[in-house]
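What follows is a short report on a single structure.
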There are 2 protein chains.
Amino acid sequence: MTGQPALPPPSARTRVRRFHQIASYDPQSVHAILDAMPLCHVGYIHNGTPIVTPTLQWRDGDRIFWHASSASRMIDSVLEQDVCVTVSLYDGLVMARSAFSYNINHRSVMIFGRPEKLSDTEKAEQLRNMVNKTIPGQWDRLRPVTPQELKATTVLGMSITEASAKIRTGPPQDDEADSTFPVWAGVIPVRMQVLPPEPDPHNLPGLEPPAEIASFHIG
Amino acid sequence: MTGQPALPPPSARTRVRRFHQIASYDPQSVHAILDAMPLCHVGYIHNGTPIVTPTLQWRDGDRIFWHASSASRMIDSVLEQDVCVTVSLYDGLVMARSAFSYNINHRSVMIFGRPEKLSDTEKAEQLRNMVNKTIPGQWDRLRPVTPQELKATTVLGMSITEASAKIRTGPPQDDEADSTFPVWAGVIPVRMQVLPPEPDPHNLPGLEPPAEIASFHIG
Ligand SMILES: Cc1cc2nc3c(=O)[nH]c(=O)nc-3n(C[C@H](O)[C@H](O)[C@H](O)COP(=O)(O)OP(=O)(O)OC[C@H]3O[C@@H](n4cnc5c(N)ncnc54)[C@H](O)[C@@H]3O)c2cc1C
Ligand SMILES: Cc1cc2nc3c(=O)[nH]c(=O)nc-3n(C[C@H](O)[C@H](O)[C@H](O)COP(=O)(O)OP(=O)(O)OC[C@H]3O[C@@H](n4cnc5c(N)ncnc54)[C@H](O)[C@@H]3O)c2cc1C
Ligand code: HEM
Ligand code: HEM
């Protein structure tokens, strides 16, 4: 019990049917996956065709946000329709004894909802949030943002009310009958690795990266 | 010149408008990204709502494939509509001198098209391909696939004719006026790391993973 408000029961479109035993709908599980992976894929309809756009998302409380050019085709489209935002992590290859039981250890979230364009005040606040959630304190170290830059940028926000998560962990689950089939089974784990920073060759002499980059991680 | 047939010029919906300087349409670039990342996000419309489903894709020549339960809602939906399949890799955080110039080093591909359900013969062949592209030679080491398992599985195939790639590499690109702003700039590279295999605790004694797992990598 963390005191967080419970999500409403899954809606018709959010209820997981396939592999439902690995589904969850509680905010803790959903939020943990969103916080682990900034990359999301936003699905919307444009001229009758579905479009899946890789984009960065960040979370503040029970809303997620993403940013784009104010001139992007996405902006006008998504204000008039429900979108699907999906975040997923590939955590490992699950090698079973039959090809049919092969699987991927994974974490994923699907959120349905209607995005809203943030007001100017909220936009500035959330862009600051985006930067500082990536590298703590970085916003105030950077060349200050200009009014023109803010104007060129739109930030969309969406409530995380209709959301589901699927999480698979652990060894393969072969059929009982296959358990003695003589082939090696197991998991090859995979994760995102952050490498040492590469300074811009044009850096002024003597500049060092902020200590806070040590907290940058994905996964 | 590799002798591969050229893609047709980008269609209206495939032509990159935003950051078009980092776009490419040649099959080599598109294929290299598909081959680097098995995880894709398939966008389709279901009951009027866009759905973005994380799924595994693999490529054979100029087609991509993915598999799902024959009972999945995706199967019926996508045979009657164009879908968007997106593959993307987060290769690094690009820390510029202004927040506006922050970026992500990335590789991504967007493909539009109409998927087709494979015939039984082609399905079996492509599932074998899926397994052997993941771990060379693994299909023949596994408990042989059964007719019921094949029946429960649908494989979709789609031509890679309408495809675009976006690739960003290298240091930040600040505005000239910001080049002397005294803040560290650079890139924090990120990549997928494959960890040592974890044997299933139920493995028969003496079984070892195939040497070919050494070739398993993502990115
Ligand atoms: C890394 C990765 C790789 C995958 N590879 C494959 C693959 O190759 N083949 C395959 O069939 N499936 C794969 N999946 C699972 C896939 O994302 C779907 O969950 C599955 O295909 C069932 O889709 P459906 O629309 O039929 O599900 P349904 O259960 O009918 O979907 C109903 C509702 O459940 C929720 N839901 C469904 N899928 C997810 C999800 N992944 N995360 C969170 N909520 C979800 C949504 O709210 C959805 O509207 C993969 C998932 C991940 C994360
Ligand atoms: C890891 C990652 C993170 C990203 N984060 C953000 C972000 O936070 N904000 C943001 O605005 N953008 C982000 N992008 C870029 C984003 O995917 C879009 O390219 C961009 O938003 C422009 O979208 P659009 O629909 O307006 O483009 P348009 O140029 O109008 O799209 C026209 C056509 O160009 C092609 N195209 C567009 N985008 C891509 C792509 N990514 N890959 C391949 N082909 C493409 C498609 O064929 C599309 O139909 C990110 C991309 C990646 C890979
Ligand atoms: C490299 C090999 C393979 C991998 C990594 C793999 C991975 C996956 C994953 C991640 C899922 C989704 C599970 C979920 O919803 O959480 C899935 C579903 C499925 N796979 Fe595979 N798979 C592989 C090979 C095969 C083969 C060869 C078959 C058939 C012979 C098969 C049949 C199925 C079926 C039928 C489903 C849908 C299950 C359901 O929704 O009820 N898979 N697979
Ligand atoms: C952590 C900080 C940030 C990161 C990692 C980031 C990353 C990105 C990425 C990856 C793109 C897409 C580029 C492409 O299409 O290839 C983008 C676009 C954009 N970003 Fe950011 N961004 C950040 C902060 C900001 C801020 C603070 C602003 C505004 C003040 C901003 C304004 C924009 C605009 C306007 C675009 C669209 C450009 C265009 O399509 O012409 N970004 N950003």
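The values are calculated or read from the model by the stated rules, or taken from the named source; none is laboratory data. Computed from a predicted model, the values in this text were never measured in an experiment. Quick reminder, even Gly has a Cβ in these numbers, built from the backbone with ideal geometry, and neighbours come from all protein chains shown. Calculation scope for accessible area: heavy atoms of the full protein, side chains included, ligands and nucleic acids excluded. Shrake-Rupley method; radii C 1.70, N 1.55, O 1.52, S 1.80 Å.
Take the stretch A:102-159 and flag every residue that is within 16 Å of ligand 3 (Cβ to nearest atom) and more than 16 Å from A:Trp66 (Cβ to Cβ). Explain how you work it out, then say what you get.
Keep residues of the stretch A:102-159 that are within 16 Å of ligand 3 (Cβ to nearest atom), which gives A:102-110.
Scanning the stretch A:102-159 gives A:Tyr102, A:Asn103, A:Ile104, A:Asn105, A:His106, A:Arg107, A:Ser108.
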* If we keep just the residues of the stretch B:173-193 that are touching a Pro at 6+ places or on another chain (Cβ under 9 Å) and of a type in the set (A, V, I, L, M), which is nearest to A:Tyr90 (Cα to Cα)? -> B:Ile188
* To do: Determine which single condition B:Val16 fails, assuming it passes every other condition in (1) away from ligand 3 (no atom under 16 Å from the Cβ); (2) assigned to a helix (DSSP H, G or I); (3) open to solvent by less than 30 Å² (accessible area, probe 1.4 Å).
  => (2)
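Can you name the residue in the stretch A:146-158 that is outside any strand (DSSP E or B) and open to solvent by less than 50 Å² (accessible area, probe 1.4 Å) and is also farthest from ligand 4 (Cβ to nearest atom) among such residues? Lay out the reasoning, then the answer.
From the stretch A:146-158, those outside any strand (DSSP E or B) are A:146-152; that's our starting set.
Retained after the next criterion (residues that are open to solvent by less than 50 Å² (accessible area, probe 1.4 Å)): A:146, A:149-150, A:152.
Details: A:Thr146: 8, A:Glu149: 4, A:Leu150: 6, A:Ala152: 5 Å.
So the residue we want is A:Thr146.
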* Yes or no: B:Gln21 farther than 29 Å from A:Arg107 by Cβ, within 16 Å of ligand 2 (Cβ to nearest atom) and within 16 Å of the chain's Cα centre (by Cα)? -> no
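Could you please find all residues in the stretch A:173-196 being in contact with a helix residue (DSSP H, G or I) (Cβ under 6 Å, 6 or more places away or on another chain) and either more than 9 Å from chain B (Cβ to nearest Cβ) or not β-branched (Val, Ile, Thr) (or both)? Can you show your working first?
Let us first name the residues in the stretch A:173-196 that are in contact with a helix residue (DSSP H, G or I) (Cβ under 6 Å, 6 or more places away or on another chain), namely A:174, A:183.
If the condition is that a residue be in contact with a helix residue (DSSP H, G or I) (Cβ under 6 Å, 6 or more places away or on another chain) and either more than 9 Å from chain B (Cβ to nearest Cβ) or not β-branched (Val, Ile, Thr) (or both), then A:Asp174 is the only one that fits.
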* Using the structure shown, decide if B:Phe112 is crowded, with 20+ Cβ neighbours inside 10 Å, away from ligand 4 (no atom under 13 Å from the Cβ) and on the phi < 0 side of the Ramachandran plot. => yes
* Which condition number in (1) under 14 Å from the mean Cα position of the chain (by Cα); (2) away from ligand 4 (no atom under 16 Å from the Cβ); (3) more than 8 Å from every other protein chain (Cβ to nearest Cβ) is the one that A:Gly61 fails? -> (1)
* Considering each residue of the stretch B:41-67, count those that are open to solvent by less than 20 Å² (accessible area, probe 1.4 Å), in contact with a His (Cβ under 9 Å, 6 or more places away or on another chain) and under 16 Å from B:Ala165 (Cα atoms), and give that number. => 1
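Look at the stretch A:68-85 and say how many of its residues are crowded, with 21+ Cβ neighbours inside 10 Å and within 9 Å of chain B (Cβ to nearest Cβ). If you could, list the steps in order and put the result at the bottom.
Of the stretch A:68-85, the ones crowded, with 21+ Cβ neighbours inside 10 Å are A:74, A:78, A:83-85.
Checking the rest, the ones that are also within 9 Å of chain B (Cβ to nearest Cβ) come to A:83-85.
Number of matching residues: 3.
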* To do: Would you mention how many residues in the stretch B:128-138 are within 16 Å of ligand 1 (Cβ to nearest atom), in contact with a helix residue (DSSP H, G or I) (Cβ under 7 Å, 6 or more places away or on another chain) and either more than 8 Å from chain A (Cβ to nearest Cβ) or open to solvent by 20 Å² or more (accessible area, probe 1.4 Å) (or both)?
  => 2
* Asked: Pick from B:Pro27, B:Pro38: which is within 9 Å of chain A (Cβ to nearest Cβ) and open to solvent by less than 40 Å² (accessible area, probe 1.4 Å)?
  -> B:Pro38
* Asked: Are there any pairs with C-beta distances below 7 angstrom linking a residue in the stretch B:5-32 that is at pLDDT below 90 to a residue that is open to solvent by 70 Å² or more (accessible area, probe 1.4 Å), with the two at least 6 apart or on different chains, and if so which?
  -> B:Leu7/B:Thr161; B:Pro8/B:Thr161
* Give the stretch A:46-58 a look and list any residue that's β-branched (Val, Ile, Thr), facing chain B (nearest Cβ under 8 Å) and either away from ligand 1 (no atom under 16 Å from the Cβ) or part of a helix (DSSP H, G or I) (or both), or say none. => A:Thr49, A:Ile51, A:Thr53
